Amino acid sequence: MLPVMKVVSPVRYFDAEMLELGRWVAERYVTPLATVLGALSPPRVAGEEGRQLHAEGSVAAPPDPPAHRPPLWSQYVRGADLAGEMRKGAGGFLVRGAPEDELVLVVEGVRACLTGGRRALVLVPEASPVPATTTALAEAFGDRVCVFAGGDARERYRTWLGIRDGVFDVVVGTRPAVFAPLTGVGLVWVSRESHPAHREERAPYYHVRDVAIRRARSAGAVCVLAAACPTGEAAAMAFPVITPSQRRWPKVEVVRPGTEGRAPRLIRALRDANRVFIYAPLPGAGIAQVCRACGAPAGCAACGGMLRAESGAVRCVVCEAPGRCRACGASSFGIRRGGAERVEEWVGRDAPVPVTRVMRPRLPKRTGEIVIGGPETVRDLGVGALDLVAVLDADLAARRPGLAAQERALAIWMEAVGWARPNGHAIVQSSHPSDPAVQALVRGNPDRFHDRQRAQRAAAGFPVGAPVFRVVGTEPLADAIGEHEPITALTTSLDGRTVCLLALEPGRVPAFGVAMRSLAAEGVVERVVAEPHI
């Protein structure tokens, strides 16, 4: 080893516990340890190191809950057990709270943790708009809460230093916050566990759920995975499931789809509703079907992609080039009408309240409004108390590519339908009312859906819970991977490189990682991606 030439910073970026967690992440996701250690802290801003906040030293007693409100956990199956564990215990739990209880549950959970003299880490999938979970915790615990999400480099580093110095008792943040240098952790709460933003898309490719469970286990803390519809991976962990002791789900009607979504039952319901959310997953006003000049099937002249009519123009959904026929270059197409723009038009003709198609997530106005939005508008916005929630084009989910496509769609549907609590109802348009995902939405319980998904995933060769990797390298790669006896191994060639997609038994991952690092040194392996989208 070379001698130390210069001390760059007096700040210690990780301790023994965080180093252990970093080693686990490097092993599980087959990533260089240096890459993981770089993810443990935000980029250094030297000017902030001399202005560190003063540490409080110990966890202060939390504010008392309102005297008139009994503990909400007592209304949940195994809720009292979880409340007790959050004070002094450990272990993992899966919470499927009633939609109107979600914010109260996380606040009560954090309060129980603080009462036990420990600190809490709450992980949310997005920073904008500010999640209702973040707002609820800030209102309940004031300056003891640190929001570790968003901001510029200076602000993030200053916040990180404050967490490290023990200034805060509660940290609420996005993916990087799972590595926050919070000591004395007693609770790690993963909000909306099924949200795709909990997976890091860049190296080290970790999933917040798995790192949170590992961190809680190392710290002797409780890990709570909370979601209306958890992922199949979370459901397969055999954690105790915390659910309301009585059914707390809106009435959900399933109706046959009408033209462009105009089911007669939905139109009648819209005339009687004041505050409504319509989930329309398809953007735009329609899809180009045929070139009117030459009669050829419509396709982008630049890349061959699908052409969509949106905001009065036709553009490619892949490369966003202006719509031109790939056969003759013409720009006039026959359009199959449908999408959020068309929904806005026909709803607006009969609605008794204003109709708005939104791009930024928000709930309908209290004075009365119908809001139309897609997947990007279903966020953590708090209690909806809507009169009606409508889900259009539910059958699209079964046709989308990917093993988890239906699961992701169901998670979005359940979050949106939850906005109808406590007194509203929901209407879902589907030609297949007996579809497991649709029935899970009707019941408000995804257990049977997850059972079916586990069987389908196993039949496809990618069982739930089996680590999956995509490896890019040279020709000897396929034979090298075969030595690790993968559950499934698919090999193809792309641009002269060998690409392998494989699923492993969890116990084989450490040896697989060692082999991949050795092959990388030999030039056989160029890249390893953990948990790719399939």
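The values are calculated or read from the model by the stated rules, or taken from the named source; none is laboratory data. Quick caveat: nothing in here was measured; it's all calculated off a predicted structure. Cβ: placed from backbone, ideal geometry, glycine included. Neighbour counts: every protein chain shown. Areas reflect the complete protein model, heavy atoms only, side chains present, ligands, DNA and RNA absent. Shrake-Rupley method; radii C 1.70, N 1.55, O 1.52, S 1.80 Å.
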Discussion item. Just the residues that are charged (D, E, K, R) and within 28 Å of residue 126 (Cα to Cα), please, taken from the stretch 346-382.
Written reply: 357, 360, 362, 365, 366, 369, 376, 379, 380
Worksheet item: Of all residues in the stretch 466-484, how many are open to solvent by 40 Å² or more (accessible area, probe 1.4 Å), at pLDDT below 95 and not small (Gly, Ala, Ser)?
Response: 4
Discussion item. Can you tell me how many residues within the stretch 213-252 are under 18 Å from the mean Cα position of the chain (by Cα), closer than 13 Å to residue 97 by Cα and open to solvent by 40 Å² or more (accessible area, probe 1.4 Å)?
Written reply: 0
Worksheet item: Which one is nearest to residue 415 (Cα to Cα), of the residues in the stretch 360-377 that are touching a residue at least 40 places away in the same chain (Cβ under 8 Å) and open to solvent by 20 Å² or more (accessible area, probe 1.4 Å)?
Response: 375
Practice prompt. Sort out which residues of the stretch 329-377 are of a type in the set (Phe, Trp, Tyr) and out of contact with any strand residue (DSSP E or B) (no Cβ under 7 Å at 6 or more places or on another chain), and write them in order of number.
Written response: 346
Discussion item. For the stretch 100-213, give me every one of the helices (runs of 4 or more DSSP H) that falls completely inside it and has 1 or more residues that are touching a Cys at 6+ places or on another chain (Cβ under 8 Å).
Written reply: 153-164
Worksheet item: Which of the residues that make up the stretch 295-322 are within 21 Å of residue 260 (Cβ to Cβ), open to solvent by 30 Å² or more (accessible area, probe 1.4 Å) and part of a loop (DSSP other than H, G, I, E, B)?
Response: 306, 311, 312, 317
Worksheet item: For the stretch 254-290, what are the residues that are crowded, with 21+ Cβ neighbours inside 10 Å and among the basic types (Lys, Arg)?
Response: 275
Item to complete: Just one of (1) assigned to a helix (DSSP H, G or I); (2) under 23 Å from the mean Cα position of the chain (by Cα) trips up residue 513, so point out which.
Response: (2)
Worksheet item: Can you name the number of the only condition in (1) in contact with a Lys or Arg (Cβ under 6 Å, 6 or more places away or on another chain); (2) loosely packed, with under 14 Cβ neighbours inside 10 Å that residue 463 fails?
Response: (2)
Worksheet item: Does any residue in the stretch 186-197 that is closer than 13 Å to residue 234 by Cβ and open to solvent by 10 Å² or more (accessible area, probe 1.4 Å) come within less than 7 Å, Cβ to Cβ, of a residue that is of a type in the set (S, T, N, Q) and part of a loop (DSSP other than H, G, I, E, B) six or more places away or on a different chain, and which pairs are these?
Response: 194/231
Practice prompt. State whether the residues of the stretch 442-456 include one that is closer than 30 Å to residue 268 by Cβ and aliphatic (A, V, I, L, M).
Written response: yes
Discussion item. As an exercise: evaluate residue 17 against (1) among the charged types (D, E, K, R); (2) over 27 Å from residue 204 (Cα atoms); (3) surrounded by fewer than 15 Cβ atoms within 10 Å (Cβ to Cβ); (4) modelled with pLDDT of 90 or more and give the number of the one condition it does not meet.
Written reply: (2)
Worksheet item: How about the stretch 120-144: which of its residues are farther than 12 Å from residue 191 by Cβ and in contact with a Ser or Thr (Cβ under 7 Å, 6 or more places away or on another chain)?
Response: 127
Worksheet item: Going by the conditions given, is residue 468 among the hydrophobic types (A, V, I, L, M, F, W, C) and within 29 Å of residue 409 (Cβ to Cβ)?
Response: yes
Worksheet entry | Residue satisfying all of: in the stretch 66-79; open to solvent by 70 Å² or more (accessible area, probe 1.4 Å) and not in a helix (DSSP H, G or I); modelled with the highest pLDDT among these | 78
Discussion item. I'd like to check something: does the stretch 405-415 contain any residue that is in contact with a strand residue (DSSP E or B) (Cβ under 8 Å, 6 or more places away or on another chain) and either in contact (Cβ under 8 Å) with a residue 12 or more places away in the chain or open to solvent by 20 Å² or more (accessible area, probe 1.4 Å) (or both)?
Written reply: yes
Discussion item. Only one of 519, 494, 502, 477 is of a type outside the set (Ser, Thr, Tyr) and free of Cβ contacts under 8 Å to residues at least 24 places away in the same chain. Can you tell me which?
Written reply: 494
Worksheet item: Going through the stretch 323-349 one residue at a time, which ones are more than 14 Å from residue 287 (Cα to Cα) and open to solvent by 80 Å² or more (accessible area, probe 1.4 Å)?
Response: 326, 345, 349
Item to complete: Could you list all residues from the stretch 432-460 that are over 20 Å from residue 255 (Cβ atoms) and of a type in the set (Asp, Glu)?
Response: 447, 451
Practice prompt. Among the candidates 393, 380, single out the residue that is at positive phi, touching a strand residue (DSSP E or B) at 6+ places or on another chain (Cβ under 8 Å) and surrounded by 16 or more Cβ atoms within 10 Å (Cβ to Cβ).
Written response: 393
Worksheet item: Just to be sure, is residue 101 crowded, with 23+ Cβ neighbours inside 10 Å and not β-branched (Val, Ile, Thr)?
Response: no
Discussion item. On the basis of being out of contact with any strand residue (DSSP E or B) (no Cβ under 9 Å at 6 or more places or on another chain), closer than 26 Å to residue 232 by Cβ and open to solvent by 30 Å² or more (accessible area, probe 1.4 Å), does residue 507 make the cut?
Written reply: yes
Practice prompt. Check 231, 259, 243 and return the single one that is among the hydroxyl-bearing types (Ser, Thr, Tyr) and free of Cβ contacts under 8 Å to residues at least 24 places away in the same chain.
Written response: 259
Discussion item. Closer than 28 Å to residue 49 by Cβ, modelled with pLDDT of 95 or more and in contact with an Asp or Glu (Cβ under 7 Å, 6 or more places away or on another chain): is that true of residue 119 in this structure?
Written reply: yes
